[in-house]
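The values are calculated or read from the model by the stated rules, or taken from the named source; none is laboratory data. Since the structure is predicted, the reported quantities are computational estimates derived from the model, not experimental observations. Ideal geometry is used to build each Cβ from the backbone, glycine not excepted, and the neighbour counts take in all protein chains shown. Each accessible area value is taken on the protein alone, full model and side chains, heavy atoms only, with ligands, DNA and RNA left out. Shrake-Rupley method; radii C 1.70, N 1.55, O 1.52, S 1.80 Å.
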Amino acid sequence: MQERRPAHAHRHWRQRLNAYDLILISLGLFVVAALIADPPIAILYGLWNIFTHTGHLLTDYVAVGGVGAALINAVITGLCGVGLMHRSDAKPNGAIIMALWLTIGFSFFGKNIFSMAPILYGVWLYSRYQREPFRNYALVALLSSTMCPIVSEFNYSGLFDPLFAFVGSGLLGILVGFFIPIISAATNRVHGGYDLYNIGFAGGIIAMFIVAVRNSLGLPVAPTLEVSDGNNLFFAILLYVLFAMWCGFSLFDERRETILPDQKRIAGHSGRLVTDYFLLYKESAFLNMGIMGIIGTTITLVLGAPLNGVSIAGIITMMGFGVFGKHPRNCLPVMAGAVLFACVNQTPLTTPSNIAAILFCTGLAPISGQYGWAWGMLAGVLHTAIVAHVGQVTGGLNLYSNGFAAGFVALVLVPVILAFRRGKEET
């Protein structure tokens, strides 16, 4: 007689798959898509162009290296991130899942392994200086790659002797990586957790000082704008498949009956730092991730904007933060305010700067979640109004420039909200 298997045996393979494994499966999808898009020789040539590009804002790696190369660049940085987490023995949580997807998303838009390496090493040196295990800083290390253009622009701008540029860019990256954990800890207190892109705020401050010094020395950062178009169908299919996969991954939660109720619970959070949906709701949070990605993709297409490196970075960022602070209820009002202002400002609605602002303004989602949709809309309006201007101050050297702008919006708007609320209570 055949031995009867335990009722729970069919769940073993799901239990063995953790969040890192699911990210690796997603990167496998990117590899397949890359090979469909371009032949291997074209991908290798495109990767060379990506690795030797300045990479500062706005640089779309799809325009620089092609669709296949941009996808493989995302795979390489994603593998690096997952490997770093494994090596440092960092257990999966919402913040780490978010940071991995943020790194993958910006690999279409300014990040590559060579510009990341010096910064990661700088953070490692800081952990050694503090005599703490690197896993305590692994999250900051990943997020600090917002400063990648500081390395690549210095190296490939053509302003310096090649050997000096190579050595100087590496040393500058190490220096930035060493100090960014210190500065980011301080900036979080400035905006009170209402800017989800806190490292972007810290990175913007560092970049502002670097640009000021360079301008004073007669070494300005030349602006750039390289964006692609014409790949909407390909990327739409890829992104919708990816997000459908993550919606499906939510079924790995053994408490399947709680998946939908958990979405209501997630929507009840303001999203203010630190709100970790993965620690609170486990795999149920993956459904929210998939939904956020679908919303970002759909809004981009409805607005008539291209799916390129800039918009894909914004969409994947929305997805990543779907496990760490964002949900439709706190994001849609902010996006509505951003769209409203983008419709009336002097630039066409679908310009890269407007689309980036519309997608990345969701870093201010906690304001909407905490104080209501009206304040959320105002946050979106203010964010879209100032993001282009603060980007000029940082010279495009801070990839999370929207985080820099969001920090100022939160710094100004939250005290105003609190003042109005106190006034109403007194009356």
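Here is how the numbers come out for the structure above:
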item	result
Förster radius 35 Å - calculated FRET efficiency between L260 and L29 (Cβ-Cβ, nearest 0.05)	0.85
Rounded if a/c under 1.5, otherwise prolate or oblate - region 282-427, Cα gyration tensor axes	oblate
Net charge of Cβ neighbours under 14 Å - reference L172; Lys, Arg +1; Asp, Glu -1	0
Estimated distance in nm for a label pair at V416 and I41, the labels positioned 7 Å out from Cα along Cα-to-Cβ	5.8
Relative contact order %, region 199-341, counting alpha carbon pairs below 8 Å whose residues are six or more apart	28
Helix-only [θ]222 nm of the chain, DSSP H runs n ≥ 4, -39500 (n - 2.57) each, per residue, nearest 500	-22500 deg cm²/dmol
Among (i) 21.7; (ii) 29.2; (iii) 24.0, the entry that matches Kirkwood radius over Cα pairs in Å as calculated here	(i)
Heavy atoms of Y20: accessible area, 1.4 Å probe, square angstrom to 10	10
Mean separation of Cα contacts under 8 Å, 6 or more apart, over the residue count of the chain: relative contact order %	19
Selected from G192, G177, G296 as most flexible by GNM, with the chain as the system and alpha-carbon contacts under 10 Å	G192
Å² of accessible area per residue within the chain, as computed with a 1.4 Å probe and no ligands counted	42
Cα-based convex hull volume of region 272-365 per residue, rounded to whole Å³	81
Mean separation of Cα contacts under 8 Å (6+ apart) over length of region 88-219, as relative contact order %	27
Lysine-lysine proximity count for the chain, Cα under 26 Å, sequence distance 8 or more or distinct chains	7
Accessible area, probe 1.4 Å, largest first, for residues T146, T224, T347	T347, T224, T146
Carbon + sulfur, % of accessible area of the chain - ligands and nucleic acids excluded, 1.4 Å	66
Mean Kyte hydropathy of 1.0 or more with a Cα span along the axis of at least 18 Å, helices from DSSP in the chain	19-37, 67-87, 162-191, 198-216, 232-249, 284-302, 328-344, 373-394
Accessible-area ranking of K264, K282, K326, largest first, probe 1.4 Å	K264, K282, K326
Dimensionless Rg over Rh [region 32-163; C-alpha; Kirkwood]	1.00
